[in-house]
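Below you'll find the structure, written out as structure tokens, and then a few comments.
The values are calculated or read from the model by the stated rules, or taken from the named source; none is laboratory data. None of the values given here were measured: they were computed from a predicted structure. Cβ atoms come from the backbone with ideal geometry, glycine included; neighbour counts cover every protein chain shown. Please note that ligands, DNA and RNA were not included when accessible areas were found on the heavy atoms of the full protein model with its side chains. Shrake-Rupley method; radii C 1.70, N 1.55, O 1.52, S 1.80 Å.
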Amino acid sequence: MSGNKKDFKNDNEKSSESIKGLKIIGAGFGRTSTTSTYDALNFIGYKCYHMKEVFKYRKHSKLWYRKSIGEEIDFSQIFDDYGYKACVDFPASVYYKELMEKYPNAKVILNVRNPESWHKSCISTIYRFEKLYLNSYSLKMLCYMSGMIHLPRMAHNIVWSGLFDDKLEDKSHAIQVFNDHIDEVKQTVPEERLLVFDVKKHGYKELCRFLDVDPPVDDNDEIIPFPHVNTSKDISRKIDIIEKFFYTLDYILLVAIVVIVVFGYFYFYF
């Protein structure tokens, strides 16, 4: 088989067209190489959902927000209507049991990693977005004006408050939640439906064997390397820039408000 991406995807997409809805449910927390898994699944022909997809559709952030406050939603409006065949990462992984009920033929992938390194990665990457949103008035204004206000709210409700009880920075508590979730998934999902997936140990060979599809190979018929993207270092570098921008904007807004107040005071009273 050729390593050509287009040809490879077309081969496996044909085999997945007969089943509507999700064929793969990701139950792993964010920062367990879910983005690398997302890229890999897309590559082998499974259109995959990930937190980054929520940014594309305002409707999705609203639906997830409704779910986060206890309302019932139709998952078909998120996955089926947009042609997704797989999902990984937050927020979908939090609802893996409900998704298993809706898609009873779907297989489950549980991304795992060392708990200590997972917590360190969370604190230094995705959790910083939560803190930035809570502390930056200019970011709140941007989210509100762009119609994306539901996105940070649903992330807070589902992940930081819902999963971790607003105690992610409590290392022992967060790791306990992480480990308990892994144990729960292993106990809940039938063995034949579950792949416990560690990208440091596994790759396309194990993933494709589990999915019963051919692995992608290069021109020498060697299985190609598994994606390795979205590293903590890369994300931290990007967040540094984003934080600097919004906190600078906050400072400018504060100075502007002070100038306006002082000008108004002198204008009306002198």
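Using Cα pairs under 8 angstrom and six or more residues apart, how large is the relative contact order of the chain, in percent?
27 percent
For a protection proxy built on the mean count of beta-carbon atoms within 10 angstrom, sort 87-93, 134-140 highest first, please. Could the numbers behind the result be given before it?
Numbers: 87-93: 27.6, 134-140: 16.0.
Averaged packing, sorted descending, gives the order 87-93, 134-140.
Ordered by packing density, taken as the mean number of other Cβ atoms within 10 Å over each peptide's residues, highest first, how do 147-154, 48-55, 217-224 rank?
On the way: 147-154: 18.8, 48-55: 20.2, 217-224: 11.5.
So the order, starting with the most tightly packed, is 48-55, 147-154, 217-224.
Can you compute the equivalent ellipsoid semi-axes for the chain, i.e. the square root of 5 times each eigenvalue of the Cα gyration tensor, sorted largest first and rounded to whole Å?
39, 20, 19
Which semi-axes, in whole Å and largest first, does the equivalent ellipsoid of the stretch 165-270 have when worked out from the alpha carbon gyration tensor as the square roots of 5 times its eigenvalues?
Values: eigenvalues 549, 105, 25 Å².
One finds semi-axes of 52, 23, 11 Å for the stretch 165-270.
Which order do the peptides 114-120, 41-47 come out in when sorted by mean C-beta neighbours inside 10 angstrom, highest first? List each step's numbers first, then the result.
Values: 114-120: 15.6, 41-47: 20.6.
Per-residue Cβ counts within 10 Å, averaged per peptide and sorted highest first, yield 41-47, 114-120.
Provide Rg over Rh for the stretch 78-191; use the alpha carbon set for both Rg and the Kirkwood Rh (inverse mean inverse pair distance).
1.00
Take each complete run of DSSP H in the chain, measure how far its Cα atoms stretch along the helix's own axis, and keep only those covering 30 Å or more with mean Kyte-Doolittle hydropathy at least 1.0; list them. Write out the running numbers ahead of the final one.
Values: long enough: 232-269 (54 Å, 1.06).
Span-like helices, by this rule, are 232-269.
Of THR188, THR125, which has the most accessible area with a 1.4 Å probe, and how do the rest follow in descending order?
THR188, THR125
Pairs LYS102/LYS233; LYS140/LYS233; LYS140/LYS200; LYS62/LYS200; LYS47/LYS244: which are spaced more than 31 Å apart, C-alpha to C-alpha? Kindly include the intermediate steps, with their values, before the conclusion.
Working: LYS102/LYS233 37 Å; LYS140/LYS233 26 Å; LYS140/LYS200 37 Å; LYS62/LYS200 35 Å; LYS47/LYS244 34 Å.
Those over the limit are LYS102/LYS233; LYS140/LYS200; LYS62/LYS200; LYS47/LYS244.
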